[in-house]
1. Probe of 1.4 angstrom, ligands and nucleic acids ignored: what's the accessible area per residue over the stretch 129-216, in square angstrom?
2. Put a dot 7 Å past each Cα toward the Cβ at Arg139 and Ala272; how far apart are the dots in nm?
3. Can you tell me which of 59-68, 190-199 comes out highest on packing, and rank the rest after it, using the mean Cβ neighbours within 10 Å?
4. Hey, for a label at Leu153 modelled as a point 7 Å past Cα toward Cβ, could you say which residues of the stretch 38-75 have their backbone N under 15 Å away?
5. Just grab the label-to-label distance for Glu12 and Gln169, each label 7 Å out from Cα along the Cβ direction, in nm (one decimal).
6. What does the helix-only formula give at 222 nm for the chain: each DSSP H stretch with n ≥ 4 adding -39500 (n - 2.57), the total divided by the residues, and the result rounded to the nearest 500 deg cm²/dmol?
7. Run the accessible area of the stretch 17-85 with a 1.4 Å probe and give the carbon-and-sulfur part as a rounded percent.
8. Using a 1.4 Å probe and counting only protein heavy atoms, arrange Arg139, Arg7 so the residue with the most accessible area comes first.
Amino acid sequence: MKDILNRMLNHEQLTREETKQILIGITQSEYPDEQITALLTALQMRGVTVEELLGFRDGILETGVPAILDCDRYIDVVGTGGDRKNTFNISTTSCFVIAGAGYKVAKHGNFAATSVSGASNVIAQHGVKFTSDIDKLNRSLNEAGIVYLHAQLFAKAMKFVGPIRKALQFPTVFNLLGPIVNPSRPKAQLLGVANLNQMRLYHQVYQKIGIDYGIVNSIDGYDEISLTSDFKVTTNAYEKVFKPSDLGFPLVKPEELVAGASEEEAKEIFDAVLENRALPGQKNVVMANAAFGIQVMEKGKKSIEECLDIARESIESGKAKATFKKFVEYNS
């Protein structure tokens with residue numbers, strides 16, 4: 001590690017194999033916290049490369065618990081986090097809208113790091129018990145159309161860096177890893193990123209992994225489609241900047257998207273969207289994100305207008321709410 005840190009100080013890049021071995025070394029307690037802190041800080045200041053990120057991903061998947069699902073095609077919708085906007089659970093809510101529309105979903109998530117409520121917080125608020133039991137996971141996917149994979153049960157490496165990440169109080173390479181270490185290895189993913197540099201990074205990462213993807217970023221810094229400004233979308237097929245009006249939506253005020261001051265307040269917004277009684281801005285944002293997820297699942301063969309109609313119908317027909325109710329029943 002001393003050699004690695006010296007190379008980092010010289011602005012040298014590490015290979016994919018080197019970062020994989022570093023990650024494995026972390027799980028074997030080979031390095032003191034101070035050295036891991038120095039490494040994470042140096043990577044954050046310099047910026048991680050595609051090969052370095054893929055190496056860390058390899059290490060997490062190799063040292064973690066796999067989730068082998070009895071389904072060939074499903075999607076994960078996730079954000080990098082760290083945008084410090086404290087939005088409600090837009091990605092997680094979108095997942096249930098997508099599942100309500102009949103698509104299979106394997107949502108990977110964790111407790112919040114920099115906001116009031118992460119995916120695991122809002123799921124746990126409803127009495128769901130997290131599990132890595134593959135039979136239970138497959139039953140949830142097959143019966144409810146959606147399965148939730150709580151990161152801490154699968155990515156064993158994360159517990160070794162948890163206290164360090166909490167102490168640092170800024171996003172690290174592990175924030176970038178979260179979206180690409182889903183233990184079920186989905187073949188489709190919608191990812192929200194906080195800036196265009198991350199969009200370029202993941203665009204290259206996904207091309208190397210070889211999956212169907214959509215990457216979204218709101219120009220004013222949200223790691224999702226916030227409808228508070230123009231937003232950019234990059235997929236396997238196109239790269240385009242959209243205005244909210246292109247989807248038939250008005251601009252949303254930032255305060256409409258805030259999760260509130262507690263997990264309970266975030267839970268209430270999540271429930272309100274699925275029950276079709278949320279503020280128009282909250283509902284529209286979830287529909288927009290779900291629609292682009294559906295388009296990824298459809299391999300771009302449906303227009304975004306068609307996908308929006310599918311997402312809207314999922315909420316307004318009650319299918320999204322029914323899907324969530326069934327999910328809670330199978331996982332409580």
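1. On the way: 3570 Å² over 88 residues.
Per residue, the stretch 129-216 has 41 Å² of solvent-accessible surface.
2. Between Ala272 and Arg139, the label points sit 3.5 nm apart.
3. Details: 59-68: 17.5, 190-199: 21.9.
Put in order of decreasing packing, that is 190-199, 59-68.
4. Backbone N within reach: 65-70.
5. With each label placed 7 Å out from Cα toward Cβ, I get 3.4 nm.
6. Estimated from H runs of four or more residues: -15000 deg cm²/dmol.
7. Details: 1430 of 2910 Å².
Heavy-atom surface of the stretch 17-85 belonging to carbon and sulfur, 1.4 Å probe: 49 percent.
8. Details: Arg139 135, Arg7 45 Å².
Sorted descending by solvent-accessible area, the residues read Arg139, Arg7.
The values are calculated or read from the model by the stated rules, or taken from the named source; none is laboratory data. Keep in mind it's a predicted model, so treat the numbers as computed, not measured. Here Cβ is always computed from backbone atoms with ideal geometry, including for glycine, and neighbour counts include all displayed protein chains. Just so you know, the surface numbers come from the protein's heavy atoms only, side chains and all, with ligands and any DNA or RNA stripped out. Shrake-Rupley method; radii C 1.70, N 1.55, O 1.52, S 1.80 Å.
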